[in-house]
Every structure is written in structure tokens, then in C-alpha cells.
Amino acid sequence: MKEKIGFVGVGRMGANMARRLKECGYKVAAVHDRNAAAAAALARELGARHARTLAAVTAASDVVFTVVTDDAAQLGIFAEEGDSLLIRAKGRVFVNCATITPATHVEVGRRARKAGASSLEGCMASSIPQARQGTLYLMCSGERKRFEEVRPILEKLSTALRFVGKAGQAAQVKALVNMVMNANTAALAEGLGLADALGLDLGMVREVFAQTGANSQVLKTDGEDMQNRAHDCFFSGAHAAKDSTIAWVLGCQAGLSLPLAAATKLQFDTLVSLGLGGLDKSGVAELTFKGRRG
């Protein structure tokens, strides 16, 4: 485990991935976050360097994982001028785990190649506990040779590791996963909201859903939370809005009509507009149950 690992973006996902790799015997050499206090605390915990600049992360690392919020943040950390991960990046491998547009992943790959480095997508279809336990569902794309080089590291993070194809394609598949998941979430909220309005026992309804064609993974993770208004955040409504938009735009670019994706996007956009985007995606039920904040 000779590779030195760097992390940019150490929120709950990135920090737990770093903890997992440290636990598996890798040297987490440097961490960086725009929240300097969070980065400093994780650095102390892991015995890593709190890198004050992006260039310092690259200098200290062989492989750098990035887990940032959106396209602008991703392009910012790979800026072509000023402080950037691309400074003296020759030979480095960047594994980019944010849910962003495929076009941004392709552009980051272009910039990395120009700097003599390599870029892989590491799109995650999992949440915080899986990041800590090393059981992420991880979809990768980019240069196959680089993927194979870092596979031993990725296998410590994922029990379901899949190589998808060329640059941009893992991000496309991730957008599809979240499009369907978010549509399921919004539909479940409507089903339970209507059941509640009809005076039905929601525990019974959830049980019937689980035994019929209404069953879904979302029912398992979000159904009880919707009923009990327990919206502690594992995957935020704001992220659901962003990801639904990515998928909807891909559909428009492909010349398709995706009315369910459009309606789902509208629901999560509404949640955000009401100031509830920090709730878990199960919080979309606040828009459908009578007497709630929506």
C-alpha cells in the first residue's frame, strides 16, 4: 500500500472514505476543504497534512480523491490558472466522485491529460454508512489502464466496483440512477400522503407496498421516515434537485420527452425554494402530506 492518498472535499462522504482507506493501511497524506476547520480536524484525526492549497494536496499525493458539490466547484479545483490540483500534477491520478454533469467530467479529464495526469470518474450510488464501511456501489469510467492501476485502492472502498466505459459515461449512468431513485421517492411521498389523507393506517399501507408492485428500495430507506417526519440528512433534497436537473437536461439534449423526470425536478426544486433543501430527500413528503410545511 505504497500510494499516498489525498482528499479534496472532506464532508461526510469524503471524510468517511478517507477514514476507511486509513483503516485499511493506506497513508492519507493530505486533506483539503473550503471548510478549513473540518479539514484541520480530519487531518489531526488521521495524522495527515492539512493542505492549505490545492497544489499542496497534489504535491503530497499519488492518488487524489475529489468529493465536491457541483460543476463549478469541480472546475474550480482543476482550474487552469491560479491554485489548482493541476500544478505539477504529472503522473498523478485523480478520482472524481462528485455527482456532476458528464461534460464536466470530460473537461476535467482533458485538463488532467494536458497536465500529464489522469482523471477517473468514481460515481457513487451509496450513502454515508457505506462510505465508512467500504461498501460503496462505485461506477468508474475513463482510461481503463489507470482504472486497473488504482483498482486495489477502489476495492477497499467498494464491494460493488464497476467499470462503465469512456469519460463521461459513469456520470451518465449515475444520473440515470438518481433520476429513477428521485422519481420513486417523489411517487412514494405522494402515495403515503394520499393514504394519510384518506385516513388509512400508514404502517399497513407500507407493508402492502412492500408486498406488491409498489415495493422499492426507496420504500425501505424512506417510507418510515416520511411517515414519522424523520428527515435526518443522508442524501439531501438539494442534491436530489441538482441530480434530477442533470438527468432532465441530458434527456433534453438527447431529444427525449421525460415528463416524470421533469415533474420530479419540479418537486425537489420546490422543496429547495421553501428552504427545506437541507432535509433528506425523504423530506419531499413535506409537500404531499396535509398540514405539513409544504
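Coordinate-derived values only; no laboratory data. Just so it is clear, the model here is predicted, and its values are computed rather than measured. Ideal geometry is used to build each Cβ from the backbone, glycine not excepted, and the neighbour counts take in all protein chains shown.
State, to one decimal in nm, how far the label point of Thr69 lies from the label point of Glu190, with both points 7 Å from Cα in the Cβ direction.
Rounded to a tenth, the inter-label distance reads 3.0 nm.
Could you tell me the center-to-center distance, by alpha carbons, between the stretch 153-205 and the stretch 214-263 in angstrom?
7 Å
Can you compute the radius of gyration and Dmax for the stretch 158-294, using only the Cα atoms, both in Å?
15.6, 51
So which of Lys27/Lys90; Lys166/Lys220; Lys220/Lys242; Lys4/Lys265; Lys145/Lys265; Lys114/Lys265 end up more than 30 Å apart, counting from Cα to Cα?
The pairs that break the limit, which is 30 Å between Cα atoms, are Lys166/Lys220; Lys4/Lys265; Lys145/Lys265; Lys114/Lys265.
Report the label-to-label distance for Asn35 and Glu23 in nanometres (one decimal), using points 7 Å from each Cα along the Cα→Cβ vector.
2.0 nm
Sorted by mean Cβ packing within 10 Å, highest first, what order do the peptides 191-203, 234-246 take?
Numbers: 191-203: 15.0, 234-246: 22.6.
Top to bottom by mean Cβ count within 10 Å: 234-246, 191-203.
In µm²/s, what is D for the stretch 4-166 at 37 °C and 0.692 mPa s, where D = kT/(6 pi eta Rh) by Stokes-Einstein and Rh is the Kirkwood radius from Cα pairs?
216 µm²/s
What spacing in nm lies between the two simple spin-label points modelled at Arg12 and Ala103, each 7 Å away from Cα in the Cβ direction?
Spacing of the two 7 Å Cα→Cβ label points: 3.1 nm.
Taking the highest mean first, how do the peptides 66-73, 16-23, 148-155 order by number of other beta carbon atoms within 10 angstrom per residue?
16-23, 66-73, 148-155
Where q = 0.14, 0.17, 0.26 Å⁻¹, what log10 of I(q)/I(0) comes from the Debye formula for the stretch 17-62, counting one point per Cα?
Once normalised to I(0) and log-transformed, intensities are -0.28, -0.41, -0.92.
Let me test this: with uniform point scatterers at the alpha carbons of the chain, what is the Debye-based log₁₀ I(q)/I(0) at q = 0.09, 0.12, 0.16 1/Å?
Reported log10 I(q)/I(0), two decimals: -0.46, -0.78, -1.23.
So what's the back-of-envelope 222 nm ellipticity for the chain, counting only DSSP H runs of four-plus at -39500 (n - 2.57) apiece and dividing by all residues, rounded to 500?
-16500 deg cm²/dmol
Which helices, counted as full DSSP H runs in the chain, have an axial Cα extent of no less than 20 Å and a Kyte-Doolittle average of 1.6 or above?
Sorted by number, there is nothing, because no helix extends far enough and scores high enough.
Order these peptides, 74-83, 222-231, by their mean beta-carbon neighbour count within 10 angstrom, highest first.
Per-residue Cβ counts within 10 Å, averaged per peptide and sorted highest first, yield 222-231, 74-83.
For Thr212, Thr270, what ranking results if the residue with the fewest other Cβ atoms within 10 Å of its Cβ goes first?
Lowest count first: Thr212, Thr270.
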